[in-house]
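The next block holds one structure in the form of structure tokens; read it before the comments.
The values are calculated or read from the model by the stated rules, or taken from the named source; none is laboratory data. What you see is a predicted model, and the numbers here were worked out from it, not measured in a lab. Glycine also receives a Cβ, built like all others from the backbone with ideal geometry; neighbour counts cover every protein chain displayed.
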Amino acid sequence: MPALAPALAANSLFRMHEYDDFEELRAAGYALVDEAIRHLDRSADGPVETLKSADELAQSFGPPPAAGRPWREVLADLREKVVDESNRLAHPMYMGQQVCPPLPLPALADGLVSMLNQSQAVWEMSPAGTMLEHELLRWFARMAFGTGGGDDALGSFVSGGSAGNLTGLLAARARAFPDAWAKGAPPGVVLITGAQAHYSVARAAGILGLGADNVVAVGTDPRHATDARAIAAALRSAAAERRPVLAVVASSGSTATGSFDDLESIADACAEHGVWLHVDGAHGASAVLSDAHRHRVRGLERADSLSWDPHKMMFQPLSTAVVLVREQRWLRAAFQQEAPYLFHAHGGSAAPDMGSYTFQCSRRADAIRLWVALEHYGTRRLGELYDHTCALAAHLYQRLLSSDDFQPVHEPESNILCFRWMPAGPGDDARLNDAQDRLRAAFVAAGRGYIVATTLLDGRRVLRVTLINPRTTTAHVDRMLDGLRQTAASL
Ligand SMILES: Cc1ncc(COP(=O)(O)O)c(C=O)c1O
């Protein structure tokens, strides 16, 4: 019989929910771990993506039963209907979006984080989790702002780069328009960014009530990064027109091409006009961990806020992301509400209530999982993984340079690379654009690997890879290119 505290064993509701047999629970937990490891172990077998259609997948699932089913049955269905039909991100031929196969230990720690279920809103509800999160944020802030960040540099854990961008801009609004919380921002405010900025930047402008039409999106330079001179010109125009500027948003690692904006020049322009600089480093801020790539974010220490996703280039499970601010008081000012039932003094303790710095109330203690990863793997190893994935993109670039049938679109600055298939024959734009989509679709459908496509600002449709899998080697990159060629021959 179970080793359970007598008070719990006597609780009939608890018994009803089958929490009363710790041995059974432990076996169920082991089975779940086995399932997770089996997924990892078999990730290189078969196609990267499920070959089933949305309709076929939908048919696997019905409404939940009123009377629960035995665990064994549920586990079997979980394996067959969910795990085996899930995309295999750890497959070395997975070269698609900016979602990584997570490092295994933090992924496994996820179950423990859920079991603890600490809510990060207030210190009292998550004492250890709050302080761990707080210390990690201090570390992130030091990494981002260096000595440029004062004692007040901190931030918050958020669900991802989109929430990070919105939150950074809320802090910018609090500084630019202290009355905005109560009265709204004045009309005519603009937000200046690059045309290649992630869509969450314009979305934030919509959410903030600035109006997506008030986003001034400037063009790119030959590296596909935001043209820093165009940012300076946009700031001058806004000043001449007496239009207030909420912030400038720069990208450290753009989504489409992984290009890094010239933060130093953009910071100069912002300083001249006294405008808040938010850096979207969701993808590329992790370059600070890499000796070889740190230079790409030179100037980051001058940002006022930064979004940074460890669930991208620090190889953490979803969701692990932070927004950092040089001065935490603006993040506090961004969320001016009081909630006497939640936020109150803890008998004079200086412990922070992290819910004061985010629009979330209940919030998982994702920081615990990240702490496990940082403690076990260490920051140097994470930097090496960053380098490894960038080296794969550099390898592909070299292969493409010496190809007749494929062309790189840009030199990679990170682990993202766009390139084009250049089939023989008349090469009008529409035909070339269409060829990229046909090739990608056939390549993926044949189960040869997973890559994606995008459209650049000049209208060119291009193939795109994000080499974000530590298991991928240069041999797999070669196999991808060979696979594309073989697929192209059959079109
Ligand atoms: C540059 C950039 N910013 C923001 C985001 C959004 O991040 P998340 O998906 O974590 O919300 C992405 C996602 O790919 C991105 O590439």
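Worth a mention:
- Filter result (free of Cβ contacts under 8 Å to residues at least 24 places away in the same chain and either closer than 18 Å to Arg332 by Cβ or in contact with a strand residue (DSSP E or B) (Cβ under 9 Å, 6 or more places away or on another chain) (or both)) within region 128-156: Arg138, Asp151
- Those residues of region 302-313 which are of a type in the set (D, E, K, R) and under 13 Å from Ile266 (Cβ atoms), in sequence order: Arg302, Asp304
- The one condition from (1) within 24 Å of the chain's Cα centre (by Cα); (2) buried (at least 22 other Cβ atoms within 10 Å of the Cβ); (3) among the aliphatic types (A, V, I, L, M) that Ala292 does not meet is (2).
- Residue that is surrounded by the fewest Cβ atoms within 10 Å (Cβ to Cβ), among those in region 194-219 that are out of contact with any Asp or Glu (no Cβ under 8 Å at 6 or more places or on another chain), touching a residue at least 12 places away in the same chain (Cβ under 8 Å) and within 18 Å of Glu241 (Cα to Cα): Ala217
- Flag for Val322 being among the β-branched types (Val, Ile, Thr) and within 16 Å of the ligand (Cβ to nearest atom): yes
- Residue tally, condition assigned to a loop (DSSP other than H, G, I, E, B) and closer than 14 Å to Phe145 by Cα, over region 301-332: 4
- Taking region 191-300 as the region of interest, the strands (runs of 3 or more DSSP E) fully inside it that hold 1 or more residues being within 12 Å of the ligand (Cβ to nearest atom) are 245-251, 277-281.
- Selection of region 157-191 for residues being polar (S, T, N, Q) and touching a strand residue (DSSP E or B) at 6+ places or on another chain (Cβ under 6 Å) yields Asn165, Thr167.
- Only residues that are loosely packed, with under 15 Cβ neighbours inside 10 Å, hydrophobic (A, V, I, L, M, F, W, C) and modelled with pLDDT of 90 or more were counted across region 18-30, and they come to 1.
- Restricting Arg79, Arg88, Arg138, Arg142 to those that are of a type in the set (Lys, Arg), farther than 24 Å from Val322 by Cβ and surrounded by fewer than 18 Cβ atoms within 10 Å (Cβ to Cβ) reduces the list to Arg79.
- Residue match in region 430-450 (condition: under 24 Å from Ala488 (Cα atoms), assigned to a strand (DSSP E or B) and in contact (Cβ under 8 Å) with a residue 12 or more places away in the chain): yes
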